[in-house]
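A short write-up of the structure that comes next.
The values are calculated or read from the model by the stated rules, or taken from the named source; none is laboratory data. Keep in mind it's a predicted model, so treat the numbers as computed, not measured. Backbone-built Cβ (ideal geometry, glycine too); neighbour counts: all protein chains shown.
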Amino acid sequence: MKIIITGAAGFIGSNLTKKLLADHHEVIGIDNFSYGNRYNISPFSENKLYSFIEADLVDPSVLKNLHADIIVHLASQKIPRYTNAYKTLEENGVLLKNIIKKCLDDKIKLVFASTSDVYGKNKDIPFHEGSDLVMGATTVKRWAYALSKMYAEQFIIATNEEFGLEYTIMRFFGSYGPNQNTTWWGGPQSVFIQNILEGKTLEIHGDGLQTRTFTYVDDTVQGIMKCMFHPASKNEIFNIASEPDEEVTIKDLAETIWRLMKGGDQKTDLKLIPYSTFGNYEDVRRRVPSIDKIKKMLGYIPAFHLEKGLEEAIRWQKEFNELTKKGIIETGK
């Protein structure tokens with residue numbers, strides 16, 4: 001099949017591209033390199049099944065002459081931890097509507113990347129696809145990203161009801177692994193690994209007791225592929241995550257990475273950073289998935305436990321760091 005991937009030079013997009021090309025699908029990648037890296041897509045440059053367009057999808061003409069069976073929409077502005085929420089809200093909405101118009105015009109299936117962040121402050125653990133979505137106050141910009149994804153989900157479902165759009169919505173839980181962004185955009189595990197490589201203190205936002213359930217990228221890609229091709233995925237929402245018993249506190253995550261990289265003899269060098277540093281910021285205390293639906297309906301089975309996945313992420317990031325030091329890779333390009 002022919003697949004368009006938005007955000008193709010990013011972490012998940014490049015890993016998905018690798019798997020699709022290995023399975024002999026044709027891939028058209030689109031990215032403006034806001035978060036992606038040319039290095040991530042360099043292995044595909046000679047592949048005849050791959051083409052790439054450097055462009056910003058806020059311009060709808062980018063999609064005009066492209067043809068595909070499926071669009072996997074991964075491109076997105078992130079949580080505005082350091083920035084203004086306006087760009088997150090405005091750009092995510094524009095991107096969504098441009099993609100949906102293309103899907104309707106050409107009768108293309110939309111596979112949309114939402115986020116576990118939509119579950120927000122819901123204390124009913126684990127989160128299943130029918131759980132309430134509980135946001136904080138509108139004065140806290142931290143919720144802008146989740147709200148943009150909630151709007152997108154509602155708009156996609158409404159467009160299906162009104163115009164027959166075929167879709168699958170995916171809620172990702174903490175993906176990590178090779179090609180991850182090595183800053184906070186890539187998640188806490190990226191920063192902890194990078195800080196250890198650079199001999200820096202591991203900085204934890206808040207008290208470190210907030211929990212997450214991290215998903216190795218190969219499992220994320222497995223879930224995406226099932227959402228793309230399995231007949232039962234049509235017009236459904238799925239959590240894509242590891243098993244709920246993989247839940248870990250951010251403090252324990254930092255200590256695990258320290259042990260894997262430094263051994264168990266040294267005390268972990270940690271520093272807690274108050275949320276007040278980021279202004280009016282609010283965090284989610286627990287984020288734990290139910291993956292019963294995707295397992296039952298699509299046959300998804302996560303293969304990576306946290307330590308196994310972290311070992312792979314550490315190995316990749318060490319190699320990436322060395323190539324960056326040698327000038328072979330320009331970060332953020």
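Brief remarks follow.
- Where strands (runs of 3 or more DSSP E) fall entirely within region 168-276, those with at least 1 residues that are modelled with pLDDT under 95 and buried (at least 16 other Cβ atoms within 10 Å of the Cβ) are at 202-205.
- Boolean, residue 117 is acidic (Asp, Glu) and in contact (Cβ under 8 Å) with a residue 12 or more places away in the chain: yes
- Of all residues in region 77-96, those that are free of Cβ contacts under 8 Å to residues at least 12 places away in the same chain and assigned to a helix (DSSP H, G or I) total 3.
- Candidate set: region 5-27, residues that are within 11 Å of the chain's Cα centre (by Cα) and farther than 10 Å from residue 221 by Cα; chosen: the one surrounded by the most Cβ atoms within 10 Å (Cβ to Cβ): 10
- Checked against (1) of a type outside the set (Ser, Thr, Tyr); (2) farther than 18 Å from residue 212 by Cα; (3) free of Cβ contacts under 8 Å to residues at least 60 places away in the same chain, residue 298 passes all but a single condition, namely (3).
- Residue within region 113-126 that is surrounded by 19 or more Cβ atoms within 10 Å (Cβ to Cβ), assigned to a loop (DSSP other than H, G, I, E, B) and among the aliphatic types (A, V, I, L, M) present: no
- Selection status of residue 109, among the basic types (Lys, Arg) and either buried (at least 21 other Cβ atoms within 10 Å of the Cβ) or within 18 Å of the chain's Cα centre (by Cα) (or both): yes
- Filter result for residue 145 (surrounded by fewer than 16 Cβ atoms within 10 Å (Cβ to Cβ), in a helix (DSSP H, G or I) and in contact (Cβ under 8 Å) with a residue 24 or more places away in the chain): no
- Checking residue 52 against (1) without any contact (Cβ under 8 Å) to a residue 40 or more places away in the chain; (2) surrounded by fewer than 20 Cβ atoms within 10 Å (Cβ to Cβ); (3) not β-branched (Val, Ile, Thr), the condition it does not meet: (1)
- Residue in region 297-315 that is outside any loop (DSSP other than H, G, I, E, B) and under 30 Å from residue 157 (Cα atoms) present: yes
- Residue 116 in contact with a Pro (Cβ under 7 Å, 6 or more places away or on another chain), at pLDDT 95 or above and farther than 19 Å from residue 35 by Cα: yes
- Sole exception among (1) more than 22 Å from residue 183 (Cβ to Cβ); (2) surrounded by 14 or more Cβ atoms within 10 Å (Cβ to Cβ); (3) not aliphatic (A, V, I, L, M) for residue 36, by number: (1)
- Taking the criterion of being more than 14 Å from residue 106 (Cβ to Cβ) and part of a strand (DSSP E or B), the only residue of region 60-72 that qualifies is 72.
- Residue match in region 30-41 (condition: under 26 Å from residue 328 (Cα atoms), in a strand (DSSP E or B) and modelled with pLDDT of 95 or more): yes
- Qualifying residue in region 60-75 (condition: among the basic types (Lys, Arg) and either within 18 Å of residue 20 (Cα to Cα) or in contact (Cβ under 8 Å) with a residue 24 or more places away in the chain (or both)): no
- Verdict on residue 156 being at pLDDT 95 or above, under 13 Å from the mean Cα position of the chain (by Cα), farther than 27 Å from residue 263 by Cα and of a type in the set (Val, Ile, Thr): no
- Restricting attention to region 218-251, the residues that are β-branched (Val, Ile, Thr) and at positive phi add up to 0.
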